[in-house]
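Everything below concerns the one structure shown next.
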Amino acid sequence: MGAPRAEQLNRFHGAVTAEERRNRLGHYYTIEWHGPEGQEEKPVRLVFRYRQAGAGSEIRRLEVSAPAGSKGKTELRVTGPAYLEGGRVLSWHLSYYRGDRLVETRQSYLWE
């Protein structure tokens, strides 16, 4: 079984009704972070901005906070009504903060 199919089965596990399966459609982003050295005691904040096909030029935003620590992992989801009404994600930009300090940014090729 290929990885994409296994991932799909994992995402839909436990969804019994058609509505439950429909609300799990969308985009999933797994983000791992670590460091920088000397900043492990500060809390983590991830800011994910994205554009969707059905939303025109509107920039939408997801923000996740995590407790202090040397490394971590989280999952961001654009699913359910946000995905069904806005459509697929066309471009994205991720900012990684430790406390108030911007540590790193990543973005898709199409982000302007």
When segment 56-110 is checked residue by residue, the ones that are aromatic (F, W, Y) and in contact (Cβ under 8 Å) with a residue 60 or more places away in the chain are W92, Y96
Residue among H27, H93 that alone is in contact with a Phe, Trp or Tyr (Cβ under 9 Å, 6 or more places away or on another chain) and under 22 Å from P4 (Cα atoms) | H27
Pairs, please: C-beta under 6 Å, at least 6 apart or cross-chain, first residue under 30 Å from G86 (Cβ atoms) and in segment 18-47, second part of a strand (DSSP E or B) and of a type in the set (G, A, S)?
-> W33/G72; V44/A66; R45/S65; V47/S95
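Values in this text are rule-based calculations from the coordinates and carry no lab data. Just so we're clear, the structure is a prediction, and the values are computed from it rather than from any experiment. For neighbour counting, all protein chains shown are included, and Cβ atoms are generated from backbone atoms with ideal geometry for every residue, glycine included.
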